[in-house]
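Engineer: One structure, pasted below without further comment.
The values are calculated or read from the model by the stated rules, or taken from the named source; none is laboratory data. Because the structure is a prediction, the values reported are computed rather than measured. FYI the Cβ positions are ideal-geometry reconstructions off the backbone, even for glycines, and counts take in every protein chain you see. The protein model used for the area step is the full one, side chains on, heavy atoms only, and it has no ligands, DNA or RNA in it. Shrake-Rupley method; radii C 1.70, N 1.55, O 1.52, S 1.80 Å.
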Amino acid sequence: MRLTRYFLPVLKENPSEAQIVSHRLMLRAGMIKQQAAGIYSWLPLGFKVLRNIERIVHEEQIRAGHIPMLMPTIQPADLWQESGRYNAYGPEMLRIRDRHDRDMLYGPTNEEMITDIFRAHVSSYKDLPLTLYHIQWKFRDEVRPRFGVMRGREFYMKDGYNFDLTKEDALHAYNRHLVSYLRTYERMGLQAIPMRADSGPIGGDDTHEFLVLAETGESEVFYDSAVTDIRLGEREIDYDSVDQCRAVMEEFTALYARTDETHDEAAFNAIPEDRRKQARGIEVGQIFYFGTKYSDAMGAVVQNAEGEQVPVHMGSHGIGVSRLVGAIIEASHDDNGIIWPEGVTPFHCGIVNLKQGDAEADAACEKLYAAIAGLGLEPLYDDRNERAGGKFATMDLIGLPWRITVGPRGLKNGVVELTSRRTGQSEELPPEEAVKKLAAIYAPHHAHLDDMREPMANRSFHTWL
Ligand code: ATP
Ligand code: MG
């Protein structure tokens, strides 16, 4: 993309309505525009990041064997009356009446609807296990929408639902989701710690929230600092293996890590004092096992091997896709702007032309642009007729992890400059070498795609690539 042809409405001044850094930077970098309290338009740069996050979520769900679908945003009230949540949900639910006086609502979540789909089409244990998910807009009329997309009223969420014959199978689904979530967040350059939590209006006993530690987080958390040393990394996990998924779950949840709702002072005090941490965190996901709560209420039963009708065991699992955009910025920025992790960056590198209009500099930039695009990467070429300082400031603000600076002086010596946004370190090297470096930097992110290609094709979801 060439900047002169793009739509990147950056702001010079700090917007006064933004209280936290991610909100401020998203507004300044021209990523979002507020349309009403807690309701945002996603401008092109923000939309790109949102899509990248969504893609990673899809890839990791599909890798775990979960099946994508799409349910509507507007739901009929009857389903919620059946489950008993229509009255229980309270003023957070946006209730709508259509022209025929039918009660509708803008879905805050989809347990009822998915249970309705299940009971209409599945009747035998032979069709289990089954996990369906979608990524769809949700609406919750939050009392205090704030912090930009972190606590919106309209927000984008992945929600998945598992259906299993036994509690044991459903707990495997729970553990499998935990593993897939860890991998999802790590690919986004984030550490999200699973913490024992409270189940709230969803109901159920087993639940963990995934928290990204950040001073501006809305949740108060208590943990053993040793949990921050655990990573999934590149380990291969067989999602069908009950033992492997359970082992990861146990490893990640053995140490004390809880939200304030489930905090236990005595257990906390048993941790060696230098490892006892109280901090704040951003909730970026939550997994639940709630047994037969919805299947009992809504008659989601299957026939088991003995020919008996039994309610299915269920769980639901959410990832805050739009909140993650803010959470990643909270975790990765400096005084000059955002620092995107390679996994989610809206463009893979910036090209800054120090002397627009200089025949040699222009030609070198065009050549770089073509070479980088040839790798399947997307550069953002700042081809404006602006001073270098202004171009650097924009690049730093929007946070592309790599920048190539091209100027007549360097070109005389056959070099350009490659700069890391994260470290600020630059090196001079011939343009072809800079392109090679970028290829190597992004290779691990493409590797994820390569090893997805086969299973994706099998699961007929290749259009996402
Ligand atoms: P919170 O406690 O932050 O209100 P929740 O526990 O009610 O969230 P869940 O029902 O678990 O939310 O939804 C799954 C995920 O959706 C959350 O982990 C969070 O990342 C995201 N989410 C929930 N509410 C919002 C919101 N108002 N704005 C943006 N993201 C949200
Ligand atoms: Mg939650």
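Engineer: Which of the residue pairs K126/K167; K48/K391; K412/K436; K367/K391; K33/K367; K12/K436 have a Cα-Cα distance greater than 23 Å in the structure shown?
Structural biologist: On the way: K126/K167 16 Å; K48/K391 21 Å; K412/K436 21 Å; K367/K391 20 Å; K33/K367 35 Å; K12/K436 34 Å.
Flagged as over cut-off: K33/K367; K12/K436.
Engineer: On to the next question. With a sphere of radius 9 Å drawn around the Cβ of M314, what net charge do the other residues whose Cβ falls strictly inside it have (Lys, Arg +1; Asp, Glu -1)? Before the final figure, lay out each step's value.
Structural biologist: Numbers: positive: K293; negative: E111, D164.
Taking every other residue near M314 into account, the sum is -1.
Engineer: Please calculate the 1.4 Å probe accessible area of R24, with all protein chains present, and give it to the nearest 10 Å².
Structural biologist: 70 Å²
Engineer: How far, in nm, would the chain grow between M71 and L375 when pulled straight, counting 0.36 nm per residue and subtracting the alpha carbon separation?
Structural biologist: On the way: separation 304, 0.36 × 304 = 109.44 nm, distance 3.60 nm.
Extending this stretch completely gives an extra 105.8 nm.
Engineer: A further question follows. For the pair E142 and R275, what calculated FRET efficiency results from E = 1/(1 + (r/R0)^6), where r is the Cβ-Cβ distance and R0 = 45 Å, to the nearest 0.05? Intermediate results must be reported in sequence, preceding the final value.
Structural biologist: Numbers: r = 35 Å, r/R0 = 0.77.
Step by step, r from the Cβ atoms, then E = 0.85.
Engineer: Also, quick follow-up: In whole percent, what relative contact order does the chain give with Cα contacts below 8 Å and a gap of six or more residues?
Structural biologist: Values: 891 pairs, mean separation 76.0, N = 465.
16 percent.
Engineer: Still on this model: How high is the relative contact order of region 298-369, given as a whole-number percent (alpha carbon pairs under 8 Å, six or more residues apart)? Let's see the in-between values first.
Structural biologist: On the way: 35 pairs, mean separation 8.9, N = 72.
Answer for region 298-369 is 12 percent.
Engineer: Also, quick follow-up: Each label point is 7 Å from the Cα along the Cα-to-Cβ direction; what then is the distance between the points at F268 and D127, in nm?
Structural biologist: Using points 7 Å along Cα→Cβ, the separation is 4.6 nm.
Engineer: Using the beta-carbon distance between R235 and V10 and R0 = 30 Å, what value does 1/(1 + (r/R0)^6) give for FRET efficiency, to the nearest 0.05? Can you show the working numbers first?
Structural biologist: Values: r = 40 Å, r/R0 = 1.34.
Calculated value: 0.15.
Engineer: Students often forget the sequence filter, so: which aspartates and glutamates lie under 15 Å Cα-Cα from K138 once same-chain residues fewer than 8 apart are removed?
Structural biologist: Leaving aside aspartates and glutamates fewer than 8 places away in the same chain, those within reach of K138 are E54, E92, E111, E112, E154, D159.
Engineer: Turning to a different aspect of this structure: If packing is taken as the average number of other Cβ atoms within 10 Å across a peptide's residues, how do 188-195, 206-213 rank, most packed first?
Structural biologist: Values: 188-195: 21.8, 206-213: 23.6.
Per-residue mean Cβ counts within 10 Å order the peptides as 206-213, 188-195.
Engineer: How large is ³J(HN,Hα), in whole Hz, for each residue of region 318-330 in order, when computed from phi with the Karplus curve 6.51 cos²θ - 1.76 cosθ + 1.60 and θ = phi - 60°, using x for Gly and Pro?
Structural biologist: Per residue, the Karplus-derived 3J(HN,Hα) values read x, 10, x, 4, 6, 4, 4, 4, x, 4, 5, 5, 4 Hz.
Engineer: Could you tell me how far the Cα centroid of region 278-353 sits from the Cα centroid of region 53-74, in Å?
Structural biologist: 10 Å
Engineer: Got a sec to turn the phi values of region 8-23 into Karplus ³J(HN,Hα) couplings, 6.51 cos²θ - 1.76 cosθ + 1.60 with θ = phi - 60°, whole Hz, x for Gly and Pro?
Structural biologist: 3J(HN,Hα) across region 8-23, in whole Hz: 9, x, 6, 9, 6, 8, 6, x, 6, 6, 8, 8, 10, 4, 5, 5.
Engineer: Summing -39500 (n - 2.57) over the DSSP H runs of n ≥ 4 in the chain and dividing by its residue number, what mean residue ellipticity at 222 nm do you reach, to the nearest 500 deg cm²/dmol?
Structural biologist: Numbers: 14 runs with 165 residues, N = 465.
That calculation yields -11000 deg cm²/dmol at 222 nm.
Engineer: If ligands, DNA and RNA are left out, what is the accessible area of E17 with a 1.4 Å probe, given in Å² to the nearest 10?
Structural biologist: Surface accessible to solvent at E17 totals approximately 110 Å².
Engineer: Taking the simple approach of a point 7 Å from Cα along Cα-to-Cβ for both R102 and Q303, what is their distance in nm?
Structural biologist: 3.2 nm
Engineer: Would you mind checking which residues have amide H under 5 Å from Y381's amide H? H placed 1.01 Å from N; only 5 or more apart, or other chain.
Structural biologist: Here R2, L3, I351 satisfy the definition.
Engineer: If I fit a long axis through the Cα atoms of helix 388-398 and take the longest principal axis of the Cα atoms of the chain, what angle between them do I get, 0 to 90°, rounded to 10?
Structural biologist: Roughly 10 degrees between the two axes.
Engineer: If amide H atoms are built 1.01 Å from N in the plane of the peptide, which residues on other chains or at least 5 residues away come under 5 Å of the amide H of I193?
Structural biologist: Excluding prolines and chain starts, which carry no amide H, the hits are L211, V212, L213.
Engineer: To check you understand DSSP bridge types, tell me what percent of the beta bridges within the chain (both residues inside) are antiparallel, rounded to 5.
Structural biologist: The antiparallel fraction comes to roughly 85 percent.
Engineer: Which sequence of S241, S22 reflects their accessible areas, 1.4 Å probe, from the largest down? Intermediate results must be reported in sequence, preceding the final value.
Structural biologist: Numbers: S241 25, S22 0 Å².
The residues order as S241, S22, largest area first.
Engineer: Let me ask something else. Restricting to Cα atoms and excluding each atom paired with itself, what does the Kirkwood estimate give for the chain in Å?
Structural biologist: Details: mean 1/r = 0.0416 Å⁻¹.
The Cα-based Kirkwood calculation yields 24.0 Å.
Engineer: Can you give the angle from 0 to 90° between the axis of helix 359-374 and the longest principal axis of the chain, with both taken from C-alpha atoms, to the nearest 10?
Structural biologist: That works out to roughly 30 degrees.
Engineer: Moving to a separate point now. Using modelled backbone amide H atoms (1.01 Å from N, in-plane), which distant-in-sequence or interchain residues come within less than 5 Å of G285's amide H?
Structural biologist: HN-HN under 5 Å from G285: F210, G320.
Engineer: With θ set to phi - 60° and the Karplus curve 6.51 cos²θ - 1.76 cosθ + 1.60, what are the ³J(HN,Hα) couplings of region 112-118 in order, to the nearest whole Hz, using x for Gly and Pro?
Structural biologist: 5, 5, 5, 5, 5, 5, 4
Engineer: Given the protein chains as shown and a 1.4 Å probe, how many square angstrom of H333 are accessible, to the nearest 10?
Structural biologist: 70 Å²
Engineer: Rank D198, D141 by accessible area, highest first, at a 1.4 Å probe radius? All intermediate terms of the calculation are to be shown ahead of the outcome.
Structural biologist: Values: D198 80, D141 50 Å².
Reading off the accessible areas and sorting them downward yields D198, D141.
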